[in-house]
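Just so it is clear, none of the values below were taken in a lab; they were calculated from the coordinates. Please read all numbers here as calculations on a predicted model, not as lab measurements. For neighbour counting, all protein chains shown are included, and Cβ atoms are generated from backbone atoms with ideal geometry for every residue, glycine included.
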Amino acid sequence: MTTDPAATKDFVLLERSDGILTITLNRSRVKNAMTWDGWTRLRDAVWSVDPLSDRVVVITGAGTDFCSGADLGGPATGGHQVDDMRIVADACLALYRLPMPTIARVDGVAVGAGMNLALVCDFVLASSRARFAEIFVKRAMSVDFGGSWLLPRLVGLRRAKELVLLGDTIDAAQAMEIGLLHRVVDADELDKAVAELADRLAAGPRLAMAGSKALLGDAFDVSLSRALEEEGRAQAVSMSSPDAVEAIEAFAQKRPANFRRPGGSATEEER
């Protein structure tokens with residue numbers, strides 16, 4: 001397990017262990033509210049992801065909360081608001097475009113941009129005490145960090161409007177019921193549940209999973225004929241990978257497939 005020494009004094013911490021990169025928002029005294037510098041650090045942390053060695057990315061918050069959104073009382077950048085919001089947009093896009101699976105580990109509050117930071121991840125695991133809110137309207141702000149795009153796709157347009165225009169807080173059970181979460185567990189079981197899911201994903205076939213994730217991410221923006229063409233290209237890449245060779249051999253030998261993870265021997269793909 002390694003920790004990035006350059007990040008330990010910052011609002012964002014990086015920790016790598018056996019192919020799993022954990023990015024921790026580190027301002028627990030303010031429920032991990034993010035300043036402009038914090039958003040920049042988060043963007044840079046995501047940009048630092050290595051697609052070969054980092055098989056899964058976990059986003060979490062220090063202490064007992066995930067993220068209370070933007071720190072409205074934090075220092076200004078001195079630049080124009082539009083330029084500042086591009087930092088937020090870059091952080092969101094960087095996370096969304098990662099080829100490997102991403103997991104949000106949510107305890108406590110996930111509100112405003114913090115809620116949408118969780119939702120942009122592929123899997124959201126929450127403790128039973130987690131609370132979610134698109135709180136922007138109560139601060140006389142419009143929705144950001146991708147919420148206007150994510151929510152209609154996750155819960156439908158009408159429910160998205162309810163969440164954003166009313167800004168009500170919902171608990172983990174409600175969030176699970178409307179389809180925002182992968183799983184809800186007791187707080188003392190959250191780390192174990194995240195670790196089990198991350199380990200399972202990290203052990204999967206890297207190129208095949210990246211191809212499928214990209215295809216699903218484009219699902220609402222392409223025609224069926226285009227989707228079929230892209231599936232063909234992705235399948236050609238997957239089937240030419242060492243993981244596919246291993247999968248076929250494992251099937252023939254009636255054993256579980258053993259896809260390479262960091263620390264194992266090099267495959268033909270990486271020689």
Legend entry - Residue order, fewest to most beta carbons within 10 Å, for ASP168, ASP65, ASP90: ASP168, ASP90, ASP65
Legend entry - Full-extension gain in nm, GLU249 to LEU52, via 0.36 nm per residue minus C-alpha separation: 68.6 nm
Legend entry - Mean separation of Cα contacts under 8 Å, 6 or more apart, over the residue count of the chain: relative contact order %: 15 percent
Legend entry - Contour minus Cα-Cα distance for SER225 and VAL82 (0.36 nm per residue): 47.7 nm
Inset, instruction - Please name whichever of VAL137, GLY73, GLN235 sits farthest to the positive end of the charge dipole of the chain, dipole taken about the Cα centre and charges placed at Cβ: Lys and Arg +1, Asp and Glu -1. - result: VAL137
Legend entry - Residue exposure sequence - PHE132, PHE11 - by fewest surrounding Cβ within 10 Å: PHE11, PHE132
Legend entry - Per-residue Cβ neighbour rank within 10 angstrom, fewest leading, HIS182, HIS80: HIS80, HIS182
Inset, instruction - Using a 10 Å cut-off on Cβ atoms, rank the peptides 96-107, 184-195 from the highest mean neighbour count down. - result: 96-107, 184-195
Inset, instruction - Quickly estimate the mean residue ellipticity at 222 nm for the chain, helices only: each DSSP H run with n ≥ 4 gives -39500 (n - 2.57), and the total goes over all residues, rounded to 500. - result: -12500 deg cm²/dmol
Inset, instruction - List the relative contact order of region 57-185 as a percent without decimals, with contacts defined as Cα pairs under 8 Å and 6+ residues apart. - result: 26 percent
